[in-house]
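Q: Pasting in a structure now, in structure tokens, and then I'll have a few things to ask.
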Amino acid sequence: MLLNAEAAKAGQPRAPGADSPAPARESVVPNPESDPKIAVAGLNFYYGPNRVLDGVTLKIHPNQVTALIGPSGCGKSTFLRSLNRMNDIVPGTRVEGSILIDGQDIYAPSVDVVDLRRRVGMVFQKSNPFPKSIFENVAYGLRINRMTRSREELGGRVEASLKAAALWDEVRDRLHASALSLSGGQQQRLCIARALAVEPEILLMDEPASALDPIATQRIEELVYQLKDRYTIVIVTHNMQQAARVSDVTAFFWLGKLIESDLTNKIFTAPAEKLTEDYVTGRFG
Amino acid sequence: MSRTSRRKLLSALFVGFCALSVLLALVPLALILFFVVSQGIQSLNVAFFTHMPAPVGEAGGGMANAIVGTLILTALGSIFAVPIGILSGVYTSEYGGTRLASAIRFAADTLNGVPSIVIGVFVYGIAVLPFKQFSAMAGGLALGIMMIPIIARTTEELLLLVPGTMREGALALGATRARAVFSVVLPAALPGIITGVVLALARIAGETAPLLFTAFNNRFFTTKLNQPIASLTVQVYTYANSPYADWHRQAWAGALVLVSIVFLCSIFARLATRRLEAMRG
Ligand SMILES: Nc1ncnc2c1ncn2[C@@H]1O[C@H](COP(=O)(O)OP(=O)(O)OP(=O)(O)O)[C@@H](O)[C@H]1O
Ligand SMILES: [Mg+2]
């Protein structure tokens, strides 16, 4: 560990933790001038009297993967769920500060939450397919949002979404089988397909691979990498290597505060904060 | 005696007592089934299902009117109770923390405990007296009132068992709250709810008291909903109270048919649940 940290300090591109190689690819430098897709400013979040997010300010740029890391309970999920207002359904919660998506405040009274959630898709930590057929799972969002005009169009969109989620080849012959008959990894890709079907602009993923084996995890990671061409992706992960592999920007949370956010390379090799360094090198957390 | 062998003995005794209690609990069921089947089977024949009751003193005859009557009454009861029961179950599970929900829950439990004869008298007051007419409709209403709390409570419990992540999944795709409940949460709980409905049916199919003042009885075959209608339970009650040995035999046969209906309902409920669950893999 210590060696690792030394290496990191020396600016050598060295992934933290294990013997894994350095992050495979160069992060795309976000143009600070360009408009962010999501701009969070001074976000405080309360569950009843407990403040679990404390003045979080963060810009998330389009067509990039932003990884949220930090120890358990630091507020990553809460932050993620405030981006599509999923926390609204938890009684007794309160939000302060602002979250702008494309410059529009999503907590403004005029905002239609249902429409917001269609634009900001979400994939959950534990895959949660509906107890319906594979086809119906993907078609669900299209149906409720009345996004297709004909049966053929619906079928086409379902197929395209399953392809985008790299699941089509495995399920093409059994689209009408129960979604619960799929393996865990397939179920998670089905949930991704389901989210993609309604053509969101942003995809929020809360530890999407935490319950999966290494091969299924790898498939999800490849998928995330491919999807960023079309979507803005925010992903929560506990796995440092995963963050290093898939993300362009990494944001480190600690006790409800955003300690540091920067290019992933930089966070893992030369973080500005001591706390970040201790965390990514595995000294705590 | 060593310590361990004493503990083993105590444990064996305890298990023995448990087994004995189970046996004792099953004895009445076995006896009921034995008597109903052995007595009922003697008078059970095709005529019992196809013929009308014979006039006093004449042998033979059947309960065709009562069998159809019971089916009509339970169907009417379900038509009243299933939508109301399921919707109020949805309400109490969705708005579980509110005062109204607690009030509904309390009301349902109380209604469940109201003696069925009282429900019969109540329906007599609201659905028989004003029309000066006993009717199948009133009977169905009385049975429906008895089913509502059972269905409502079962629905609520089953909805609460559906993982919250399922609902969140629907909301995250842009579903409204109502849409999420009716298109995802409710279908997920459906097999259990069907079982609950069928068991409620089985329970009320055997009710006599609420029918005495509402559907009353009818010696003739009818399917008119605004007329008094016969039912197996009332017919069994009437026949069993009569002084004629032949009617007593008919009453046993009626009891057997009733028990069989309840039994079939339970089996159907199990099969339906298993089927639906198998469909989801
Ligand atoms: N529904 C809730 N009601 C009350 N407190 C909550 C609720 N959900 C989360 N919290 C609290 O908010 C804090 C942040 O939780 P959150 O789930 O955002 O953490 P996290 O960073 O996602 O953790 P993990 O890595 O374990 O998923 C924790 O202290 C947690 O106890
Ligand atoms: Mg979390």
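The values are calculated or read from the model by the stated rules, or taken from the named source; none is laboratory data. These numbers come from a predicted model, not from an experiment. Virtual Cβ from ideal backbone geometry, glycine too; neighbours counted across all protein chains shown. When the accessible area is computed, the model is the full protein with side chains, heavy atoms only, and any ligands, DNA or RNA have been set aside. Shrake-Rupley method; radii C 1.70, N 1.55, O 1.52, S 1.80 Å.
Q: Which three extents, in whole angstrom, do the alpha-carbon atoms of segment B:22-165 cover along their principal axes, largest first?
A: The Cα atoms of segment B:22-165 stretch 62, 50, 27 Å along their principal axes.
Q: Per the 1.4 Å probe, what fraction of the accessible area of the protein assembly as shown, in percent, lies on carbon and sulfur atoms?
A: 62 percent
Q: OK, next. Roughly how many Å² of B:Phe182 are accessible to a 1.4 Å probe, to the nearest 10?
A: So the heavy atoms of B:Phe182 present about 100 Å² to solvent.
Q: Structure shown: which of A:Lys126/A:Lys163; A:Lys76/A:Lys228; A:Lys126/A:Lys257; A:Lys228/A:Lys274 lie over 27 Å apart, alpha-carbon to alpha-carbon?
A: A:Lys228/A:Lys274
Q: Output the relative contact order of segment A:147-257, whole-number percent, from Cα pairs under 8 angstrom with separation of 6+ residues. Don't jump to the answer; show the numbers that get you there.
A: On the way: 85 pairs, mean separation 26.3, N = 111.
Contact order relative to length: 24 percent.
Q: Give me the base-10 log of I(q)/I(0) for chain B at each q in 0.09, 0.12 Å⁻¹, Debye formula, one uniform scatterer per Cα, rounded to two decimals.
A: Debye curve over Cα of chain B, log10 I(q)/I(0) at q = 0.09, 0.12 Å⁻¹: -0.57, -0.88.
Q: What percentages, rounded to whole numbers, describe P(r) for chain A computed over all alpha carbon pairs with 10 Å bin width beginning at zero?
A: Here the calculated profile for chain A is 7, 28, 34, 23, 8, 1, 0.
Q: Tell me the total accessible area that B and A bury against each other, 1.4 angstrom probe, in square angstrom rounded to 100.
A: 1800 Å²
Q: Once the whole set of protein chains is in place, how much accessible area is left on B:Glu94, using a 1.4 Å probe, in Å² to the nearest 10?
A: 30 Å²
Q: A further question on this structure: Quick one: compute the contact order of chain A, relative version, from alpha carbon pairs under 8 angstrom and 6+ residues apart, as a percent.
A: Normalised by residue count, the contact order of chain A is 30 percent.
Q: Of all the C-alpha pairs in the protein assembly as shown, what % are more than 46 Å from each other?
A: On the way: 62160 of 159895 pairs.
Considering the protein assembly as shown, 39 percent of its Cα-Cα pairs are separated by more than 46 Å.
Q: Something else about it: Based on the mean of other beta carbon atoms within 10 Å per residue, what is the order of B:236-243, B:142-149, A:250-257, most packed first? Write down the numbers at each step before the final one.
A: Working: B:236-243: 16.0, B:142-149: 25.6, A:250-257: 22.1.
In decreasing order of mean packing, B:236-243, B:142-149, A:250-257 become B:142-149, A:250-257, B:236-243.
Q: Using the alpha carbons of segment A:216-285, what is the convex hull volume per residue in cubic angstrom, as a whole number?
A: Numbers: hull volume 6.4 nm³, N = 70.
Enclosed volume per residue, from the Cα hull, is 91 Å³.
Q: For the protein assembly as shown, with every protein chain kept in place, what is the accessible area per residue (1.4 Å probe, Å²)?
A: Value returned for the protein assembly as shown: 48 Å² of accessible area per residue.
Q: Give the cross-link partners of A:Lys266 among the aspartates and glutamates, using a straight C-alpha distance below 16 Å as the criterion and excluding same-chain residues fewer than 8 apart.
A: Straight-distance partners of A:Lys266: A:Glu6, A:Glu26, A:Asp248, A:Glu277, A:Asp278.
Q: Normalised by the number of residues in chain B, what is the relative contact order in percent for Cα pairs under 8 Å and 6+ residues apart? Let's see the in-between values first.
A: Working: 385 pairs, mean separation 72.1, N = 281.
Relative contact order here is 26 percent.
Q: Here is a further query. Quick check on the protein assembly as shown: of the DSSP beta bridges with both residues there, what percent are antiparallel, nearest 5%?
A: Of the beta bridges lying entirely in the protein assembly as shown, close to 60 percent run antiparallel.
Q: Just from its helices, what would the mean residue ellipticity at 222 nm be for the protein assembly as shown, if runs of 4 or more DSSP H residues each count -39500 (n - 2.57) and the sum is divided by every residue, rounded to the nearest 500 deg cm²/dmol?
A: When only DSSP H runs of four or more count, the value is -17500 deg cm²/dmol.
Q: Then there is this: Could you please report the charge total around B:Arg153, scoring K, R as +1 and D, E as -1 over all other residues with beta-carbon less than 10 angstrom from its beta-carbon? Before the final figure, lay out the partial values.
A: Numbers: positive: B:Arg105; negative: B:Asp109, B:Glu156, B:Glu157.
Value of the local net charge: -2.
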